[in-house]
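My questions will all concern the structure given below.
The values are calculated or read from the model by the stated rules, or taken from the named source; none is laboratory data. Model, not experiment: these values are computed from the prediction. Reconstructed Cβ throughout: ideal geometry from the backbone, glycine too, with neighbour counts over all protein chains shown. Note: areas computed on protein heavy atoms with side chains; ligands, DNA, RNA excluded. Shrake-Rupley method; radii C 1.70, N 1.55, O 1.52, S 1.80 Å.
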Amino acid sequence: SRAIKTNQDLLPETPWIHIFYNDFWGTLLTHSGSHKSYRPLCTLSFRINHAVGGMDPWGYHLVNVLLHAAVTGLFTNFSRILFGDGYWTLIAGLLFASHPIHTEAVAGIVGRADIGACLFFLLSLMCYVKHCSTRGSSPSTWAWILGAGLCAGCSMLWKEQGVTVLAISAVYDIFVFHRLKMHQIVSALYKRKNLALFFSIGLLTSWGTALLGARLYWMGNKPPSFSNSDNPAADSDSFVTRTLTFFYLPTKNLWLLLCPDTLSFDWSMDAVPLLKAVNDWRNLHTVAFYAGLLLLAYFSLKGSSNERECNGKTVMNGKQNANGHSCHPEMEYKTLEVKSSFVSKEENGLKKHEIQKLQLPSTENIVILSLSLLIVPFVPATNLFFYVGFVIAERVLYVPSMGFCLLVTVGVRALYVKAQKRFLKNLVFCSTAALIVFYGLKTVVRNGDWQNEEMLYRSGIKVNPAKAWGNLGNVLKSQSKISEAESAYRNALYYRSNMADMLYNLGLLLQENSRFSEALHYYKLAIGSRPTLASAYLNTGIILMNQGKTEEARRTFVKCSEIPDENLKDPHAHKSSVTSCLYNLGKLFHEQGHYEEALTVYKEAIQKMPRQFAPQSLYNMMGEAYMRMSRLPEAEHWYVESLRSKSDHIPAHLTYGKLLALT
């Protein structure tokens, strides 16, 4: 709702340049309550969607699906560089196309930020691959690295994690293109070899530093602040709890990639219980995860045993590259006819009599790149450098899932090569095909959950019951299922009793059904849970005013009008509630015959009024106050303003008609 339906940056009357000063939700980026999610290119795509089709969701979903198709095509094309033409590239592409973890990013419109970032992420990486293959042989190499830098910047402007493509490009250059090992990097740097490589890495580092510096400056050099329910571990006072939980969360994310059986639209609050002690059995998962990760990285970086050093140059299978970069004859783009050894022939599932057309990276090289693709884009979500506003977010795994798909593919290929019997080879191949089919079926089923809000929220009850029941209550209320909605709100509060929004929503439901005493009770609980909830003050004041408790109502409205909008998640909604409070306070003064005081309050309301606020009633009441004071020209002015803002506002027609009759 906030990213599209109530985002003023999508409207044609809003200058498009505002997109580059506001966050993803339309709040000024430097505002203390801003989420600091700076994604102007995604917001711009929403604005184009809005200009073409308004609020019809079909066009928004079409763009998301087309972007996912484009990303899948680019990823498959990139996989060809690693696996060549054949089944393994197809398997990698199908794994990515069908993975259920992508459902939120593709089916949920705001997930477009992740898809767009991934699109330019891959474009940047492909440009850098071209730069590597043309470096030292063609002047166009600098155009390619410029393209890589520009696409990396665009990826970051779609979503923050896009800038990590620069690190992935460096990994590709060092470990895949040049095929260096860890000990060779230091040696090459010390002996000043491969200067072109280190110059390219220097350019990537400088550009990445510049992008991050500009990003930090543009958001006011301040990190965002989040509520404790968004990320409970970050709010914990215990260092042990924070550490154990933050170390465990990547393990949980990997499990979602490996076995996406349980998915949810929201993983905040208590969806993942905190790890409060060392004896929590989930710590075993954490240890196993990091041990496996380190072993995989160690053996990949160490390299295979058929390598040796010869005069500082790498030699493999008795062949040495003249440029000293690699043990292989040049790289991927030169067509070769090499009658390979068993390993190089069979690694891609080729038979012995076949001739390998492309020199491909080794399994170790691909594993290093896959691990980098899996880990590096996920680092911003780990709470390592700054706290984030979620516990787990499936859409955040869209980019890292590329590394996962490559890792699964290279693992399956290794098993296929190791298998001696045809039966075992067929078993590996059929198991992989079954995995793709199961992933596809799960994606179809999960798409069913995203058909409408009610199905989506019901599907999330077992993961995050408090949030799911609360959102389901809103849906049921919009369907006029009042008793079911009330039951849903109470279920939400059963799981988490201090949710201010749920307390307020339940109070609003009771107020609309004339259960005013109960409504007041829940409004007071909501205010106690969140003292800055202006809408709760507003409705409390309205009930008190209708009950004739004018002094209590006045105090409530005044207190509401004094609440600042600092550090609030949605300052626009807050300002609307404050304006409504001032309107009702002015109305209270007006009914008591204090017209001067009413006018003062109305003028304050106009000053604090946000752009999206509908002002016709406020303008009409100003006209009435001037009318009572016999200041007819001013009254006429405000009646006309009321009708200009909403031409079918009936109260303004009536009051303006009385004025015209009088004059």
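If I fit a long axis through the Cα atoms of helix 516-529 and take the longest principal axis of the Cα atoms of the chain, what angle between them do I get, 0 to 90°, rounded to 10?
So the inclination is approximately 50 degrees.
In deg cm²/dmol, rounded to 500, what helix-only [θ] at 222 nm does the chain give when every DSSP H run of at least 4 residues adds -39500 (n - 2.57) and the total is split over its residues?
-20000 deg cm²/dmol
Once R0 is set to 51 Å, what does the formula 1/(1 + (r/R0)^6) return for the Cβ-Cβ distance between E591 and L384, expressed as a FRET efficiency to the nearest 0.05?
Step by step, r from the Cβ atoms, then E = 0.35.
If you filter segment 425-524 for trypsin sites (Lys or Arg not before Pro), then keep DSSP loop positions with at most 15 other Cβ within 10 Å, what is left?
Within segment 425-524, the qualifying trypsin sites (Lys or Arg not before Pro) (loop, at most 15 other Cβ atoms within 10 Å) are K462, K481, R515.
What number comes out for the charge environment of P380, summing +1 per Lys or Arg and -1 per Asp or Glu over other residues with Cβ under 15 Å away?
+3
Quick check on the chain: what are the equivalent-ellipsoid semi-axes from the Cα gyration tensor, as sqrt(5λ), descending, whole Å?
In descending order the semi-axes read 59, 27, 22 Å.
Another question, then. Where in the chain is the longest stretch that carries no chymotrypsin sites (Phe, Trp or Tyr not before Pro) classed as loop by DSSP and with at most 12 other Cβ atoms within 10 Å?
With a cap of 12 other Cβ atoms within 10 Å, the longest stretch comes to 1-280.
Helix 650-662 against the longest principal axis of the chain: what's the angle in degrees, Cα atoms only, rounded to the nearest 10?
40
Now for a different question. Please calculate how many Å² of accessible area the chain carries per residue, with a 1.4 Å probe and no DNA, RNA or ligand atoms counted.
Per-residue value: 47 Å².
Between S483 and N567, what is 0.36 nm times their sequence separation minus the Cα-Cα distance? Round to one decimal in nm.
Residue separation times 0.36 nm, minus the Cα-Cα distance, leaves 26.8 nm.
Given the pairs K36/K481; K252/K418; K481/K569; K5/K159; K477/K549; K181/K418, which are separated by over 27 angstrom at their Cα positions?
From the list (K36/K481; K252/K418; K481/K569; K5/K159; K477/K549; K181/K418), the Cα-Cα distance tops 27 Å for K36/K481; K252/K418; K481/K569; K477/K549.
Here is a further query. What part of the accessible area of the chain, given as a whole %, is carbon or sulfur when the probe is 1.4 angstrom?
62
With the calculation restricted to Cα positions, what are the radius of gyration and Dmax of segment 18-106 in angstrom?
When restricted to the Cα atoms of segment 18-106, Rg and Dmax are 17.4, 53 Å.
Another question, then. Can you tell me the 0 to 90 degree angle between the C-alpha axis of helix 500-512 and the longest principal axis of the chain, rounded to 10?
Roughly 40 degrees between the two axes.
Along each of the three principal axes of the Cα atoms of segment 558-651, give the extent in whole Å, ordering the values from largest to smallest.
Taking the Cα atoms of segment 558-651, the three principal extents are 43, 29, 18 Å.
I would also like to ask the following. Net charge near Q511, counting Lys/Arg +1 and Asp/Glu -1 over other residues with Cβ under 14 Å of its Cβ?
Neighbour charge sum, excluding Q511 itself: 0.
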